[in-house]
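To start, the structure under review is shown below, and the notes come after it.
The values are calculated or read from the model by the stated rules, or taken from the named source; none is laboratory data. All values reported here derive from a predicted model rather than from experimental measurement. Counting neighbours? That spans all protein chains shown, and the Cβs are built from the backbone with ideal geometry, glycine included. Heads up: the accessible areas ignore ligands, DNA and RNA and are worked out on the full protein's heavy atoms, side chains in. Shrake-Rupley method; radii C 1.70, N 1.55, O 1.52, S 1.80 Å.
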Amino acid sequence: TGFPFVDACMRSLIECGWLNFRMRAMLVSFATYNLWLDWKRIAGHLARVFLDYEPGIHYPQLQMQAGTTGINAMRVYNVTKQGKDQDPNGVFIRKYVPELGNVPHEYIHEPCNMTTSVQKKCRVFIGNGDDKVRSSRLGFQPIKQSTGKHEECNTNDSFYYPSPIVNETTSARISKDKLAAVRKQVSTKAEAQQVYLKHGSRKNRGADRDGVKPKALSSTVKRVKVDKGQTSLLSSWKSLPPKQPKGEVPVQNQQLADGTDNDTKVSAKSSPATTQFLAQKEVSDTSILETVEWSCKICTYLNEKPLALACSMCGSERQ
């Protein structure tokens, strides 16, 4: 790409299959804002190279970093600044972009700023490799093309490194202006409000945020009431079924020898698993008739069908 830190991150990712969160966000930001690529075009490639690829995390994060959700602030990373902040000495860059190994420290993050004399001195020439004729006229030695592979480079060789494929500042400004114009539209605000109601965070952070609209929405949008019927995953795990006395199995409407019905519990030899299953079944049978909606204990989705045997969102069996 002509941006050393971006190239180093991509080569590291392809070789190792992992990057930290900030570098992943930076790559998505560069691809979607600076290169103006549709996030769906990069989703498949990144999914293949991520060793920890998980669809439920991968696609929402891509949409959020690309600014398409409408409820999150635009995350436009300055890749040159990120390189200087995260890799100030260029150690990471020199490891995964070895053709820049001879570049002076002050130019390692922006080799395109090297003068012709500096390029000739360090034997790293900025360009796409198609201008060998022009280079030879300046007295340059034969150039070895960059392979893009993580390997040791002979310090006596010369290398080409491409010029930046976009103007970082200009491309970022144009993309932010375009996205900001879309976010100001009434239809976008309405859709963003629906996204917030369905996917917005329900976790309190120091104060009751119930009814607070997303920051990305306009101040003219009325505050919405957040539904508290959807329980969190933690509260679902804490709510355990009532324990039954050891050795007793709940029996409903058992007919005794004299022909009368009795709803009492009788002692029986059964495994703990059987006892727990029957206890859960007894609780679920009575709760179904009392509630209209039920929350899935796996994904916490609020199902609207009271008699459904499985969650309509994740497909897990009702517990």
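For this structure, a couple of remarks:
- Each residue in the stretch 17-59 was checked for being in contact (Cβ under 8 Å) with a residue 24 or more places away in the chain and open to solvent by 60 Å² or more (accessible area, probe 1.4 Å), and 5 pass.
- Only one of Ala8, Ala31 that is of a type in the set (A, V, I, L, M, F, W, C) and touching a Phe, Trp or Tyr at 6+ places or on another chain (Cβ under 7 Å): Ala8
Per-residue answers, yes or no, for (1) under 15 Å from the mean Cα position of the chain (by Cα); (2) among the hydroxyl-bearing types (Ser, Thr, Tyr); (3) over 21 Å from Tyr196 (Cβ atoms):
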| site | (1), (2), (3) |
| --- | --- |
| Asn20 | yes, no, yes |
| Leu27 | yes, no, yes |
| Ala31 | yes, no, yes |
| Ile42 | yes, no, yes |
| Tyr59 | yes, yes, no |
| Leu62 | yes, no, no |
| Thr68 | yes, yes, no |
| Gly83 | no, no, yes |
| Asn89 | no, no, yes |
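- Considering residues of the stretch 99-123 that are outside any loop (DSSP other than H, G, I, E, B) and open to solvent by less than 20 Å² (accessible area, probe 1.4 Å) only, the residue nearest to Glu168 (Cα to Cα): Pro111
- Any chance Glu293 is exposed (fewer than 13 other Cβ atoms within 10 Å of the Cβ), at pLDDT 65 or above and in contact with a Gly (Cβ under 9 Å, 6 or more places away or on another chain): yes
Per-residue answers, yes or no, for (1) under 29 Å from Val186 (Cα atoms); (2) outside any loop (DSSP other than H, G, I, E, B); (3) β-branched (Val, Ile, Thr):
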{"site": "Leu37", "(1), (2), (3)": "yes, no, no"}
{"site": "Lys40", "(1), (2), (3)": "yes, yes, no"}
{"site": "His58", "(1), (2), (3)": "yes, yes, no"}
{"site": "Gln65", "(1), (2), (3)": "yes, yes, no"}
{"site": "Pro88", "(1), (2), (3)": "no, no, no"}
{"site": "Arg94", "(1), (2), (3)": "no, yes, no"}
